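Engineer: To start, I am sharing the structure in question, which I have written as structure tokens.
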Amino acid sequence: MSVKQLIIKCMGPLYPILFKTKIRNRKLEKEVKNLTFQVNYLKHHCDIGLLKPASGVLREFQLAEVDFADYILGLLKPYGIQMYLEGGALLGAKRHKGFIPWDDDIDVAMARSDYNKLLDVLKTDTNFKWIDSSKKTGYYSENIVVKTPHCMHVFNGTCLRDARNLEFFPNDFLKEDVTEEQYLAFREKVITFMRVPHTWKEIFDFYETNWKESGIYSLEPTSRIVPGLGNWDLTMYGFHGFRNHDDVYPLTTIKFEGKEFPCPNKAEEILNREYGKSWRNYPNDIGIPHTLVDKNRYFEMTGEPLIDFKEF
């Protein structure tokens with residue numbers, strides 16, 4: 001027996017005790033390697049568009065959101081406001097014919113002129129209750145309207161826990177003579193302003209003043225469309241190039257959870273620009289329902305019971 005074999009034989013009973021952490025880490029590394037292979041195998045062989053819909057609490061929440069969105073858009077239909085599915089809702093409609101299985105909100109966008117018309121309607125139509133959010137007062141009950149620095153919400157419910165929500169986003173037409181460099185410089189100005197804490201009134205005043213003084217936007221249709229002031233995409237995401245007018249208009253419709261919703265003219269072109277051509281593949285945030293996660297963060301702070309939206 002060699003010296004090495006003798007040492008191993010003597011150390012055998014002590015090895016699991018002395019090197020417990022090392023053994024556990026090796027085991028975990030092997031499990032991670034096996035799971036990574038399995039996930040990559042499924043991604044390669046399974047079409048994400050064929051995933052089953054959500055189930056349980058999450059699915060109930062999704063379907064309630066669909067009914068609410070359909071109801072609100074029905075109330076707004078007589079006003080002739082041209083709006084369309086945006087973001088994850090549009091992606092879900094094209095890839096899943098409804099919600100992305102783990103998504104839980106519906107985004108609707110429109111041109112600035114339609115957004116201004118929508119503001120007037122929501123302030124004057126008795127089906128809605130406008131809240132002066134610059135004072136941050138009020139919240140949920142019947143069709144409460146809350147304008148935030150990143151979008152406009154219409155809520156319905158008795159409290160945060162059961163509130164349903166539809167989000168509206170403004171987009172802007174860019175004047176034809178504005179260069180990409182000019183637009184990006186103005187965009188950076190807005191992002192820089194938003195990095196510093198401000199009251200909502202200060203932000204709303206900044207939007208109003210700079211929309212006019214920037215000289216880059218047009219209320220009349222042009223060939224290029226960008227996320228508008230007051231649109232989450234403007235300050236929270238990177239620049240993905242300009243949308244073409246013909247990619248959005250004339251609007252068409254698309255099936256979303258069995259209901260007809262307004263849709264951009266060339267939805268796939270928009271998704272390719274916003275998400276890259278990989279939008280048909282598996283994303284990195286799979287399984288995260290953002291609205292319910294945000295609600296649980298609040299309930300965690302207040303000591304309230306969390307919403308159990310996990311499916312398995």
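Engineer: Would you calculate the volume per residue, in Å³, of the smallest convex hull containing every Cα atom of region 177-312?
Structural biologist: Taking the convex hull of the Cα positions in region 177-312, it is 183 Å³ per residue.
Engineer: Hey, another quick one. Can you pull out the GluC sites (Glu not before Pro) in region 147-247 whose DSSP state is coil and whose Cβ has at most 16 other Cβ atoms within 10 Å?
Structural biologist: Hits after loop and neighbour filter: 176.
Engineer: Further question on the same structure: Quick one: check the C-alpha center-to-center distance for region 168-210 versus region 266-312, whole angstrom.
Structural biologist: Centre-to-centre (Cα) distance: 26 Å.
Engineer: Once every DSSP H run of n ≥ 4 in the chain is given -39500 (n - 2.57) and the sum is divided by its residues, what mean residue ellipticity at 222 nm do you get, rounded to the nearest 500 deg cm²/dmol? Before the final figure, lay out the partial values.
Structural biologist: On the way: 12 runs with 145 residues, N = 312.
Roughly -14500 deg cm²/dmol at 222 nm, from the helical runs in the chain.
Engineer: Could you grab the relative contact order for region 241-308? Cα pairs under 8 Å, six or more apart, rounded to a whole percent.
Structural biologist: 20 percent.
Engineer: Related question: When N counts the residues of region 53-302, how does its alpha-carbon radius of gyration compare numerically with 2.2 N^0.38 Å, as a ratio?
Structural biologist: Values: Rg = 17.8 Å, N = 250, 2.2 N^0.38 = 17.9 Å.
Computed over Cα atoms of region 53-302, the ratio equals 0.99.
Engineer: Any chance you could check the Cα centroid distance between region 68-117 and region 241-261 for me, in angstrom?
Structural biologist: About 9 Å separates the Cα centre of region 68-117 from the one of region 241-261.
Engineer: Work out the length of the dipole vector of region 24-160 about its Cα centre, built from +1 on the beta-carbon of each Lys and Arg and -1 on the beta-carbon of each Asp and Glu, and round it to the nearest 20 debye.
Structural biologist: Values: 19 positive and 17 negative charges, 149 e Å.
So the dipole magnitude of region 24-160 works out to roughly 720 debye.
Engineer: Using Cα pairs under 8 angstrom and six or more residues apart, how large is the relative contact order of the chain, in percent?
Structural biologist: About 19 percent, as a whole number.
Engineer: Cα-Cα over 22 Å: which of 117/147; 52/77; 94/175; 117/201? Display every interim value, and only then the final one.
Structural biologist: Numbers: 117/147 14 Å; 52/77 32 Å; 94/175 30 Å; 117/201 20 Å.
Long pairs (Cα-Cα over 22 Å): 52/77; 94/175.
Engineer: Would you tally the net charge around residue 49, using a Cβ to Cβ cut-off of less than 15 Å, leaving residue 49 out, and scoring K and R as +1, D and E as -1? Mind showing how you got there, number by number?
Structural biologist: On the way: positive: 43, 52, 94, 95, 97, 255, 277, 280; negative: 47, 103, 257, 268.
Result for the neighbourhood of residue 49: +4.
Engineer: Now for a separate question. Report relative contact order for region 83-211 in percent, whole number only (criteria: Cα-Cα under 8 Å, sequence separation at least 6).
Structural biologist: 20 percent.
Engineer: Have a look at 146, 39, 121 and tell me which one the Gaussian network model of the chain (Cα, springs below 10 Å) gives the largest fluctuation.
Structural biologist: 39
Engineer: Treating only the Cβ of Lys, Arg, Asp and Glu as charged (+1, +1, -1, -1), what charge dipole size does region 53-302 show about its Cα centre? Round to the nearest 20 debye. Each step should come with its number before you reach the end.
Structural biologist: Working: 30 positive and 38 negative charges, 50 e Å.
For this selection, approximately 240 debye.
Engineer: For region 58-148, max minus min Cα coordinate along each principal axis, in Å, sorted largest first?
Structural biologist: 37, 27, 21
Engineer: Tell me which of 48, 217, 206 sits at the most positive position along the dipole axis of the chain, charges placed on C-beta atoms (Lys, Arg +1; Asp, Glu -1).
Structural biologist: The residue sitting most towards the positive pole is 48.
Engineer: Net charge within 13 Å of residue 27 by Cβ-Cβ distance, Lys/Arg positive one each and Asp/Glu negative one each, not counting residue 27 itself?
Structural biologist: Working: positive: 20, 22, 24, 26, 30, 33; negative: 29, 31.
It works out to a net charge of +4.
Engineer: Do me a favour and compute the ellipsoid semi-axes for region 238-312 from its Cα gyration tensor, root of five times each eigenvalue, largest one first, whole Å.
Structural biologist: That gives 33, 16, 13 Å for the three semi-axes.
Engineer: Would you be so kind as to identify which of 118, 64, 100 lies farthest towards the positive end of the dipole of region 54-144, taking Lys and Arg as +1 and Asp and Glu as -1 on Cβ and the Cα centre as origin?
Structural biologist: 118
Engineer: Next question, about the same structure. Highest GNM mean-square fluctuation, the chain, Cα pairs closer than 10 Å: which of 186, 68, 99?
Structural biologist: Ranking 186, 68, 99 by mean-square fluctuation puts 186 first.
FYI, it's all coordinate maths here, none of it is from the lab. Remember, predicted model here, so these are calculated numbers, not experimental data. Quick reminder, even Gly has a Cβ in these numbers, built from the backbone with ideal geometry, and neighbours come from all protein chains shown.
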